[in-house]
Structure formats: structure tokens, C-alpha cells
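One structure is given here, and the rest of the page talks about it.
The values are calculated or read from the model by the stated rules, or taken from the named source; none is laboratory data. All values reported here derive from a predicted model rather than from experimental measurement. Quick reminder, even Gly has a Cβ in these numbers, built from the backbone with ideal geometry, and neighbours come from all protein chains shown. The protein model used for the area step is the full one, side chains on, heavy atoms only, and it has no ligands, DNA or RNA in it. Shrake-Rupley method; radii C 1.70, N 1.55, O 1.52, S 1.80 Å.
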Amino acid sequence: MIAVPSSNGILDGHFGHCKQFAMVKVDDNGIKEINYIDAPPHQPGLLPPWLAERGATDIIAGGMGQRAIDLFNERGVNVFVGAPALTPEEIIEGFLNETLNFSANYCDH
């Protein structure tokens, strides 16, 4: 399952402060199902285990700090940062079709 941090229907560029996560199930044919879940209040280090417990295997984000990336990687969750501000559907379709352009976007906290 791929998780995309979002606010107001598009990717939220600041991972830790998003309003929701689009939890996207995919298969060989593309998007199978999208469910939106409200994000918990921001707390450093909380989101990696919280999303992993909800089945996330991949995270596509705009910006993310190195500590969060490390915490995800420790749980076997792949992290892709630098995604553009598009809808979760557009992001996932571009990711699956290998047409999504990432630009490095690491936060320094």
C-alpha cells in the first residue's frame, strides 16, 4: 500500500503536518482502491510506525526529514521524496507509469 500525505486534495509538501493520508492499494492494473485517513497530531517520530501499522509499504512525499526517512527504512518502508503538488491519484498513476518527476526535497530536521 502506498501512502501519500495530503491536504485539501493535493500532496502536502510538509509530510509531518498534513491533514490526511491517501492510503492507496495498487495492483498490476493500477489503482485498486483509495482510502483517506486523518493524520494524527504532529509528533516527531510518530508517523513512521503509525503508517507502517496501517499497511504502508511505500511513502511518496514532497519533503521529509532524514530522521523520518530512517525510521521508515528501519520498518522496511520505501520512501520517495520530492514529489510535485498533485492529487494523490495523479501521483500514484505517474509513479506506476514511471512518469512522475521527483526533485530532491529533504527537510533539515
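Please report the relative contact order for region 1-50, taking Cα pairs under 8 Å with a sequence separation of at least 6, and give it as a percent rounded to a whole number.
31 percent
Under a 5 Å amide H to amide H cut-off, with H placed in plane at 1.01 Å, what residues pair with ILE59 once short-range neighbours are removed?
Amide H to amide H, under 5 Å and 5 or more residues apart or across chains, ILE59 pairs with ALA3, ASN78, VAL79, PHE80.
Hey, with R₀ at 25 Å, roughly what FRET efficiency would SER7 and ARG75 work out to, going by the Cβ-Cβ distance, to 0.05?
0.55
Could you tell me the center-to-center distance, by alpha carbons, between region 52-78 and region 1-28 in angstrom?
Using only Cα atoms, the two centres lie 12 Å from each other.
What 222 nm value per residue comes from the helices of the chain, counting each DSSP H run with n ≥ 4 as -39,500 (n - 2.57) and dividing by all residues, nearest 500 deg cm²/dmol?
-6500 deg cm²/dmol
Just the number please: accessible area per residue for the chain, 1.4 Å probe, all protein chains included, in Å².
Roughly 54 Å² per residue, with all protein chains present.
Give a residue-ordered list of calculated ³J(HN,Hα) values for region 90-96 (Karplus: 6.51 cos²θ - 1.76 cosθ + 1.60, θ = phi - 60°; whole Hz; x for Gly, Pro).
Working through the residues one at a time gives 5, 5, 5, 4, x, 5, 5 Hz.
Got a sec to turn the phi values of region 18-35 into Karplus ³J(HN,Hα) couplings, 6.51 cos²θ - 1.76 cosθ + 1.60 with θ = phi - 60°, whole Hz, x for Gly and Pro?
6, 8, 9, 10, 7, 9, 10, 8, 10, 9, 4, 9, x, 5, 9, 7, 10, 10
Report, by chain and number, residues whose modeled amide H sits under 5 Å from the one on TYR36, excluding near sequence neighbours (fewer than 5 apart, same chain).
Correct list: MET23.
When the Karplus curve 6.51 cos²θ - 1.76 cosθ + 1.60 is applied with θ = phi - 60°, which whole-Hz ³J(HN,Hα) does each residue of region 69-83 get, with x for Gly and Pro?
4, 4, 5, 5, 4, 4, 9, x, 9, 7, 10, 10, 10, x, 6
Amide H of LEU100 versus every other amide H placed in the peptide plane: which residues, excluding those fewer than 5 positions away on the same chain, fall under 5 Å?
Amide H neighbours of LEU100: PHE95.
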